[in-house]
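Accompanying notes for the structure given below.
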Amino acid sequence: MDDQNGAQSVSAESQQWTNQTPKVTDALKRGSQVSVTTWGGRELSGTICDREQTGLLLDVRAPDDSADGYVFLPWSSIEQVEIREVSQRRVKSLPS
């Protein structure tokens with residue numbers, strides 16, 4: 001009996017944790033600050049301008065730089081994306 005109750009509380013904790021974790025769409029949305037490492041070893045930091053099935057478009061300009069500086073990275077060239085902060089979408093819950 002104790003084992004079953006323990007399993008239920010672990011499941012509830014796991015579900016609560018899962019509900020609080022960020023989604024990829026939130027982490028890689030327009031305006032997010034990221035650092036990208038490519039498979040070739042190149043490291044880029046910038047702001048996400050857009051993402052689509054083919055890749056990620058970054059604005060890599062320094063804040064005080066007025067020159068254009070956009071880089072398109074195909075997904076196949078990206079080894080890792082570090083996200084500084086994920087702001088989750090706000091969802092209204094309707095009363096049931």
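Just so you know, all these numbers are worked out from the coordinates, no wet-lab data involved. Just so you know, these numbers come straight off a predicted model, no measurement behind them. Using ideal geometry, Cβ is built from the backbone for each residue, glycine included, and neighbour counts are taken over all protein chains shown.
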For a distance above 19 Å, tell me the whole-number percent of Cα pairs in the stretch 23-83 that qualify. 22 percent
If Lys and Arg each add +1 and Asp and Glu each add -1, what is the summed charge of the other residues whose beta carbon sits under 13 Å from the beta carbon of GLN80? -2
Cβ-based exposure ranking for SER11, SER45, in which fewest neighbours within 10 Å come first: SER11, SER45
The answer for SER45, listing residues at least 5 apart or on another chain whose modeled amide H is closer than 5 Å to its amide H, is VAL36
Fully extended, how many nm does the chain gain between ALA27 and SER14 (0.36 nm per residue separation, minus their Cα-Cα distance)? 2.6 nm
